1. Go through E145, E95 for me and flag whichever is surrounded by fewer than 20 Cβ atoms within 10 Å (Cβ to Cβ) and under 30 Å from L11 (Cα atoms).
2. Step by step: first the residues of segment 152-176, then only those that are of a type outside the set (V, I, T) and under 17 Å from the mean Cα position of the chain (by Cα), then the one that is surrounded by the fewest Cβ atoms within 10 Å (Cβ to Cβ). Which residue is that?
3. State whether one or more residues within segment 81-95 are among the charged types (D, E, K, R) and farther than 25 Å from S169 by Cα.
4. So, in segment 200-231, exactly how many residues are modelled with pLDDT of 75 or more and surrounded by 20 or more Cβ atoms within 10 Å (Cβ to Cβ)?
5. Give the number of residues within segment 51-70 that are assigned to a loop (DSSP other than H, G, I, E, B) and open to solvent by less than 50 Å² (accessible area, probe 1.4 Å).
6. Restricting attention to segment 1-48, and to residues there that are in contact with a Lys or Arg (Cβ under 7 Å, 6 or more places away or on another chain) and at pLDDT 80 or above, which single residue is nearest to V142 (Cα to Cα)?
7. Taking the residues in segment 24-50 that are open to solvent by 80 Å² or more (accessible area, probe 1.4 Å) and not basic (K, R) as candidates, determine which candidate is farthest from K123 (Cα to Cα).
8. Residue pairs, Cβ under 9 Å, 6 or more apart or interchain, first in segment 228-242 and aliphatic (A, V, I, L, M), second modelled with pLDDT of 90 or more. List them.
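The values are calculated or read from the model by the stated rules, or taken from the named source; none is laboratory data. Keep in mind that this is a model prediction, so the values were computed, not measured. Methodologically, a virtual Cβ is constructed for each residue, glycine included, from the backbone with ideal geometry; neighbour enumeration extends over all protein chains shown. Surface areas here come from the heavy atoms of the whole protein model, side chains and all, with no ligands, DNA or RNA. Shrake-Rupley method; radii C 1.70, N 1.55, O 1.52, S 1.80 Å.
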Amino acid sequence: MGLPLHLSIKLGTHLMKMKLRGVEKFPMIVEVEPLFACNLKCVGCGKIQHPASELKRRMPVDQAVAAVEECGAPMVSLAGGEPLMHPQIHEMVNELVKRHKFVVLCTNAVLLPKHLHKFTPSKNFAWMVHIDGLRERHDESVSKEGVFDQAVAAIKQAKAAGFQVYTNSTFFNTDSPQTVIDVLNYLNDELKVDRMEISPGYAYEKAPTQDRFLGVEQTRELFGAAFAEGRRKKWRLNHSPLFLDFLEGKQRPCYLLADGYAKTYQELLDTTDWENFGRGKDPRCDNCMAHCGYEPSAVLATMSSLRESIRATVSV
């Protein structure tokens, strides 16, 4: 499986427009963090370690919408923190969907049942629920018992209400090919979520636990073994075939580092020394295999190759 057809068309159309206009740097997806506050303390994240003054801040809806419109990305990820702690998050989603953006709202799903009625199902909106393993592994990852069961119940409720539900699973060096297989089989075959995203745990400097992150070779070994025997083809993975090749080490296609913030997208483009980032240039990039940075490269490679374009179309 690859990206949903209507999303593939949306991304492909955007790519062609940028190419025809001669735009050199452009985003395919923009991640908006309307708050840093969260109701969990995940071992691989450190957003709640920000100062109390930062944790109290909430991005206004108009500011978020303006940022998305400025950069022009066709796909928006609303993350955090826990976005459902933002009192106007449903308004933010509605405004972005009105503008024909494909919006995914990333959540741990604990608060989802309480707020589900504020949202409307749409082909351009999906819940992205964080699931890092089956019950024991997931609850350990989020440092709280019972969260896995809450998330599963929330997913079932959202699907029953007509929403698309995606999942996002992060794997660490404490995982084995079998733990990857077990959770993806469960999400795909039993819970029947619409799409699944996967990511190797990569070094996030504020994370409270620093010894769980995967190196590049560890990542390739983990996913190479998990994808074997045709399993990769049966799972409804929300990734391009080229990015999955990359995870296995078959293809060589960033996550924004904590070096400060730009006020606008244009300022980010103009003031960033892009050539200073990447493997062999910045040591923080050496083990990064996060899909948000590599998927655009995979899309570009796909569109530039007839063979890969056909392969991506067949896998949808």
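1. E95
2. Out of the qualifying residues, it is Q164.
3. Scanning segment 81-95, I find at least one residue that is among the charged types (D, E, K, R) and farther than 25 Å from S169 by Cα, so the answer is yes.
4. 7
5. Going through segment 51-70 one residue at a time, the tally reaches 1.
6. Across segment 1-48, the extreme among qualifying residues is L40.
7. Once the filter is applied, the top-ranked residue is Q49.
8. A228/P177; L237/L184; L237/N188; L237/R195; L237/M196; L237/E197; L237/I198
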